[in-house]
1. Which of (1) out of contact with any helix residue (DSSP H, G or I) (no Cβ under 6 Å at 6 or more places or on another chain); (2) more than 18 Å from residue 73 (Cα to Cα); (3) exposed (fewer than 13 other Cβ atoms within 10 Å of the Cβ) does residue 47 not meet, given it meets every other one?
2. Go through segment 10-25 residue by residue and tally those that are touching a helix residue (DSSP H, G or I) at 6+ places or on another chain (Cβ under 8 Å) and more than 16 Å from residue 58 (Cα to Cα).
3. Please count how many residues of segment 66-79 are in contact with a helix residue (DSSP H, G or I) (Cβ under 9 Å, 6 or more places away or on another chain) and exposed (fewer than 14 other Cβ atoms within 10 Å of the Cβ).
4. Looking only at residues that are exposed (fewer than 15 other Cβ atoms within 10 Å of the Cβ) and touching a residue at least 12 places away in the same chain (Cβ under 8 Å) in segment 22-39, which one is farthest from residue 64 (Cα to Cα)?
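Computed from the coordinates by the stated procedures, all read-outs in this text should not be read as laboratory data. As the structure is a computational prediction, the values presented were derived from the model and not from experiment. As a convention, Cβ positions derive from the backbone with ideal geometry for all residues, glycine included, and neighbour counts pool all protein chains shown.
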């Protein structure tokens, strides 16, 4: 479980955990990230909160969703 910070929205805190897992390779590019229901179970959050996590990660270009298949880590862009 996560130790919640009172002044930061829970969806943002969970999204930060998922971002860190993407950055450290726990979730490599093109692999599935936890579903909304998996986030609900793992973090003890509401379904609407978990949906906002996915929305935020999609907006940042970190994940993409394939209807009927799930959400996946976007291929990382290389700079240089």
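1. Looking at each condition in turn, residue 47 falls short on (1).
2. 1
3. 1
4. Our first condition is that a residue be exposed (fewer than 15 other Cβ atoms within 10 Å of the Cβ); within segment 22-39, this holds for 23-26, 28-32, 35, 37-38.
Keeping just the survivors that are touching a residue at least 12 places away in the same chain (Cβ under 8 Å) gives 28-32, 35, 37.
Numbers: 28: 13, 29: 11, 30: 9, 31: 10, 32: 10, 35: 12, 37: 17 Å.
So, considering only residues that are exposed (fewer than 15 other Cβ atoms within 10 Å of the Cβ) and touching a residue at least 12 places away in the same chain (Cβ under 8 Å), the one farthest from residue 64 (Cα to Cα) is 37.
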